[in-house]
Amino acid sequence: MFDLIIKGGTLPNGTINDIGIVGDRIAAIESLNGVAATTIIDATGDLVSPPFVDPHFHMDATLSYGIPRINGSGTLLEGIALWGELKQIVTIEDMIERGLKYCDWAASMGLLAIRSHVDVCDDRLLGAQAMLELREQVKDYIDLQLVAFPQDGFYRDPKAKANTLRALDMGIDIVGGIPHFERTMVDGTASVRELCEIAANRGLMIDLHCDETDDPHSRHVETLAAETIRCGLQGRAAGSHLTSMHSMDNYYVSKLLPLMAEAELAAIPNPLINITLQGRHDTFPKRRGLTRVKEMQSHGITVGWGQDCTLDPWYSLGTADMLDVAFMGLHVAQMTHPEEMQRCFTMITEDNAKILNLSDYGLKVGATASVVVLDAGNPIEAIRLRPDRLCVVSKGKVIAQKARNNSQLSLKNRPKDTHRRHNPSYGIAH
């Protein structure tokens with residue numbers, strides 16, 4: 001007797017199978033014809049996927065677009081300055097309210113694990129307090145990892161170091177940093193070294209905003225890789241953005257990539273934001289800043305697509321849909337071979353789960369019973385269509401459902417189209 005059976009779905013590897021769930025665990029992946037269950041969901045012809053995972057987000061700033069003003073220049077630096085204005089007037093209650101709205105939206109899209117960077121350059125640590133409370137409120141349906149992020153520079157802000165340590169003491173999960181925003185390259189290098197030591201001493205993961213610049217001489221990822229090895233952080237370290245690699249000398253990169261692979265350093269490009277913020281000082285040719293995704297993957301480096309922002313000081317759009325992120329990443333990284341397009345789907349599911357060290361993730365017996373049913377036939381079609389999420393199961397419970405949209409074009413001799421872009425207005429059942 002199962003609590004829930006998802007019948008006849010097509011798994012990302014192309015096989016068709018039933019998934020049986022007991023409690024909050026996947027108990028069977030096999031034919032379950034004639035087997036009883038409290039609830040049966042017919043997924044015949046639909047893609048059944050593990051949940052989407054976002055390895056890079058800013059939950060404390062999300063849905064704040066236009067407060068107190070918009071980012072007129074569209075640059076990273078104005079976004080940081082604007083966030084500095086916003087965090088002087090924001091409240092804990094406001095951040096929690098916006099975070100809850102976003103998490104409900106994300107869950108309806110099948111996005112059930114998020115790593116969020118939390119600004120700690122505020123002596124009140126309002127963001128840390130708010131995000132810790134948010135993590136508690138959404139834990140039944142979303143796994144929220146929090147990064148102690150000294151947005152204004154670990155050394156550049158005179159109180160950032162103490163506040164970072166305080167935030168970690170409060171229960172923030174991961175060590176963050178932003179070495180390219182320090183006043184000098186020397187300070188940036190020193191910050192990477194000390195932050196890696198903090199992570200190692202506390203037994204934590206580390207995820208640094210690293211080289212988010214068009215400057216090809218910003219090479220803090222090299223230090224991050226070397227310090228990861230020195231401190232024994234292999235498999236627990238990530239570099240986010242890495243946009244300077246887009247402009248680096250090819251010979252230097254040929255030395256850098258093997259070092260990153262040796263360090264088991266993960267890379268998190270954020271295509272929607274990287275191509276929007278980078279290249280703002282260029283005329284033409286105009287760079288787009290996305291890091292060297294396929295080259296890193298060819299060296300065995302785990303690369304995962306991140307969303308970064310939704311309706312905040314840095315980005316005026318966003319949907320909480322990781323398929324939008326993969327769709328954009330596919331285009332900018334020119335990953336158009338069928339195997340590469342399939343890999344883009346893996347990047348927002350299994351690869352991102354690996355970056356977050358989600359040990360109980362995936363479609364396998366014994367894993368956490370979190371599953372998404374999509375109105376698509378396979379992963380490539382899912383990226384192409386960004387279809388409706390017909391059902392979202394989180395930790396064994398159905399938290400969102402949407403009736404299949406079978407509307408058809410009425411024009412004569414036009415092909416039927418049963419797929420429609422998602423409408424994220426349907427609710428979450430807590």
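The values are calculated or read from the model by the stated rules, or taken from the named source; none is laboratory data. Just so you know, these numbers come straight off a predicted model, no measurement behind them. Methodologically, a virtual Cβ is constructed for each residue, glycine included, from the backbone with ideal geometry; neighbour enumeration extends over all protein chains shown.
Which one of the conditions (1) in contact with a helix residue (DSSP H, G or I) (Cβ under 6 Å, 6 or more places away or on another chain); (2) crowded, with 24+ Cβ neighbours inside 10 Å; (3) not in a helix (DSSP H, G or I); (4) not β-branched (Val, Ile, Thr) does residue 151 fail to meet, given that it meets all the rest?
Status for residue 151: all satisfied but (1).
Could you tell me which of the residues 140, 187 is in contact (Cβ under 8 Å) with a residue 12 or more places away in the chain, over 25 Å from residue 318 (Cβ atoms), surrounded by fewer than 20 Cβ atoms within 10 Å (Cβ to Cβ) and out of contact with any helix residue (DSSP H, G or I) (no Cβ under 7 Å at 6 or more places or on another chain)?
Only one candidate qualifies: 187.
Which one of these is at pLDDT 95 or above, in the same structural domain as residue 315 (by TED's automatic domain parsing), within 21 Å of residue 314 (Cβ to Cβ) and among the basic types (Lys, Arg): 124, 98?
Criteria check complete, one pass: 98.
Can you name the residue in the range 285-302 that is polar (S, T, N, Q) and surrounded by 13 or more Cβ atoms within 10 Å (Cβ to Cβ) and, of all such residues, is farthest from the chain's Cα centre (by Cα)?
Checking each candidate, the answer is 297.
Which residue pairs have Cβ atoms under 9 Å apart, sit 6 or more places apart or on different chains, and have a first residue in the range 58-81 that is at pLDDT below 95 and a second that is part of a helix (DSSP H, G or I) and among the β-branched types (Val, Ile, Thr)?
74/276; 76/273
Sort out which residues of the range 343-367 are surrounded by fewer than 22 Cβ atoms within 10 Å (Cβ to Cβ), of a type in the set (Ser, Thr, Tyr) and not in a loop (DSSP other than H, G, I, E, B), and write them in order of number.
Residue satisfying the conditions is 346 alone.
Given the conditions (1) touching a helix residue (DSSP H, G or I) at 6+ places or on another chain (Cβ under 8 Å); (2) surrounded by fewer than 19 Cβ atoms within 10 Å (Cβ to Cβ), report the number of the one that residue 169 does not fulfil.
(1)
For every residue, the table says whether it meets (1) over 25 Å from the mean Cα position of the chain (by Cα); (2) surrounded by fewer than 17 Cβ atoms within 10 Å (Cβ to Cβ); (3) over 22 Å from residue 165 (Cβ atoms); (4) at pLDDT 95 or above.
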| residue | (1), (2), (3), (4) |
| --- | --- |
| 177 | no, no, no, yes |
| 198 | no, no, no, yes |
| 225 | no, no, yes, yes |
| 242 | no, no, yes, yes |
| 255 | yes, yes, yes, yes |
